[in-house]
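K.L.:
Dropping the structure in here first, questions after.
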């Protein structure tokens with residue numbers, strides 16, 4: 001689908017750079033803005049592994065005060081994250097929404113060494129979507145590692 005940037009929502013949502021008043025704190029995820037192809041390896045029971053292809057597209061939004069992305073792997077997930085720096089926490093708030101699997105949950109993102117670690121509590125919806133017990137309250141971690149201008153590892 002080719003969506004013209006002349007649409008009012010697109011013009012109101014997208015920004016071409018981080019907000020100047022927050023640029024320093026927004027650097028943690030600034031490398032993420034752009035389009036990425038993704039190789040996904042899902043480990044199953046035992047030593048089984050399934051590989052899939054997907055894509056990520058991320059952009060500055062909301063006057064450059066947040067980054068929104070679309071993570072998509074056909075048949076596995078198709079959702080969006082909205083991330084913004086929260087000065088009250090000195091960390092990033094990350095909200096993931098996957099309408100394909102009816103999932104919504106929140107994480108907190110921080111730098112840990114050379115990695116970015118997003119952590120949150122598993123919701124019943126997330127557990128159900130991936131076939132796990134609904135009330136495990138496990139910690140969910142999304143880790144961005146080995147970040148370069150052309151690649152990163154996400155686990």
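K.L.:
Here is a list: 72, 59. Which entry is free of Cβ contacts under 8 Å to residues at least 24 places away in the same chain, over 14 Å from residue 142 (Cβ atoms) and within 12 Å of the chain's Cα centre (by Cα)?
P.N.:
The conditions single out 72.
K.L.:
I'd like the full set of residues that are in contact (Cβ under 8 Å) with a residue 24 or more places away in the chain and under 12 Å from the mean Cα position of the chain (by Cα), limited to the range 98-132.
P.N.:
Correct list: 98, 105, 107, 109, 116, 117, 118.
K.L.:
Kindly indicate whether residue 98 is touching a helix residue (DSSP H, G or I) at 6+ places or on another chain (Cβ under 9 Å) and either surrounded by 15 or more Cβ atoms within 10 Å (Cβ to Cβ) or over 23 Å from residue 14 (Cβ atoms) (or both). Steps first, please.
P.N.:
Working: touching a helix residue (DSSP H, G or I) at 6+ places or on another chain (Cβ under 9 Å): yes; either surrounded by 15 or more Cβ atoms within 10 Å (Cβ to Cβ) or over 23 Å from residue 14 (Cβ atoms) (or both): yes.
Here the answer is yes, as residue 98 does meet what is asked.
K.L.:
Report yes if some residue within the range 76-90 is farther than 19 Å from residue 118 by Cα and under 13 Å from the mean Cα position of the chain (by Cα); otherwise report no.
P.N.:
Looking through the range 76-90, none of the residues is farther than 19 Å from residue 118 by Cα and under 13 Å from the mean Cα position of the chain (by Cα).
For every residue, the table says whether it meets (1) surrounded by fewer than 12 Cβ atoms within 10 Å (Cβ to Cβ); (2) outside any helix (DSSP H, G or I); (3) touching a helix residue (DSSP H, G or I) at 6+ places or on another chain (Cβ under 7 Å).
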| residue | (1), (2), (3) |
| --- | --- |
| 12 | yes, no, no |
| 25 | no, yes, no |
| 47 | yes, yes, no |
| 53 | yes, yes, no |
| 58 | no, yes, no |
| 75 | yes, yes, no |
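K.L.:
Further question: Just one of (1) surrounded by fewer than 16 Cβ atoms within 10 Å (Cβ to Cβ); (2) in contact with a helix residue (DSSP H, G or I) (Cβ under 8 Å, 6 or more places away or on another chain) trips up residue 151, so point out which.
P.N.:
Here residue 151 clears every test but (2).
K.L.:
Turning to a different aspect of this structure: Residues being buried (at least 16 other Cβ atoms within 10 Å of the Cβ) and part of a loop (DSSP other than H, G, I, E, B): count how many of those fall in the range 107-145.
P.N.:
Going through the range 107-145 one residue at a time, the tally reaches 2.
K.L.:
Just one of 97, 143, 116 is at pLDDT 85 or above and more than 19 Å from residue 70 (Cβ to Cβ); which is it?
P.N.:
Answer to the selection: 143.
K.L.:
Being in contact with a strand residue (DSSP E or B) (Cβ under 6 Å, 6 or more places away or on another chain) and surrounded by fewer than 18 Cβ atoms within 10 Å (Cβ to Cβ) is the filter here, so list the residues in the range 78-91 that pass it.
P.N.:
78, 79, 80, 82, 86
The values are calculated or read from the model by the stated rules, or taken from the named source; none is laboratory data. Since this is a predicted model, take the numbers as computed values, not measurements. Please note: Cβ atoms are built from the backbone with ideal geometry, for glycine as well, and neighbour counts cover all protein chains shown.
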